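A.B. asks: Here it is, the structure, as structure tokens.
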């Protein structure tokens, strides 16, 4: 029974990981290259507010989608 519980925990962890990643991808899906560059340089979101840790992670993901590398 322990093996099944371990497997269930592993699947739950993986499911949570992919749900988190999907939320990151969705956050700045609309942002085009100039918007992503501007927000990253200024460290602000589309409203001019300082990026939250989640937004910073999401913007980094969007940058990777658009430019193929992490922002510097």
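A.B. asks: When the residues of segment 21-34 are narrowed to those that are touching a helix residue (DSSP H, G or I) at 6+ places or on another chain (Cβ under 9 Å) and part of a helix (DSSP H, G or I), which ends up farthest from residue 65 (Cα to Cα)?
C.D. replies: 23
A.B. asks: Only one residue in 59, 51, 24 is in contact (Cβ under 8 Å) with a residue 12 or more places away in the chain, surrounded by 15 or more Cβ atoms within 10 Å (Cβ to Cβ) and in contact with a strand residue (DSSP E or B) (Cβ under 9 Å, 6 or more places away or on another chain). Which one?
C.D. replies: Selected residue: 51, the only one of 59, 51, 24 that is in contact (Cβ under 8 Å) with a residue 12 or more places away in the chain, surrounded by 15 or more Cβ atoms within 10 Å (Cβ to Cβ) and in contact with a strand residue (DSSP E or B) (Cβ under 9 Å, 6 or more places away or on another chain).
A.B. asks: Now for a different question. Spot the failing condition for residue 69; the list is (1) surrounded by 10 or more Cβ atoms within 10 Å (Cβ to Cβ); (2) in contact with a helix residue (DSSP H, G or I) (Cβ under 8 Å, 6 or more places away or on another chain), and only one is missed.
C.D. replies: Only one criterion is unmet by residue 69, namely (1).
A.B. asks: Can I ask one more? Of the numbered conditions (1) surrounded by 10 or more Cβ atoms within 10 Å (Cβ to Cβ); (2) in a helix (DSSP H, G or I), residue 4 satisfies every one except a single condition; which is it?
C.D. replies: In the conditions (1) surrounded by 10 or more Cβ atoms within 10 Å (Cβ to Cβ); (2) in a helix (DSSP H, G or I), residue 4 misses (1) alone.
A.B. asks: Those residues that are free of Cβ contacts under 8 Å to residues at least 12 places away in the same chain, outside any loop (DSSP other than H, G, I, E, B) and touching a helix residue (DSSP H, G or I) at 6+ places or on another chain (Cβ under 9 Å), I need them from segment 38-48; list them, please.
C.D. replies: The answer is 44, and nothing else.
Values in this text are rule-based calculations from the coordinates and carry no lab data. These numbers come from a predicted model, not from an experiment. Using ideal geometry, Cβ is built from the backbone for each residue, glycine included, and neighbour counts are taken over all protein chains shown.
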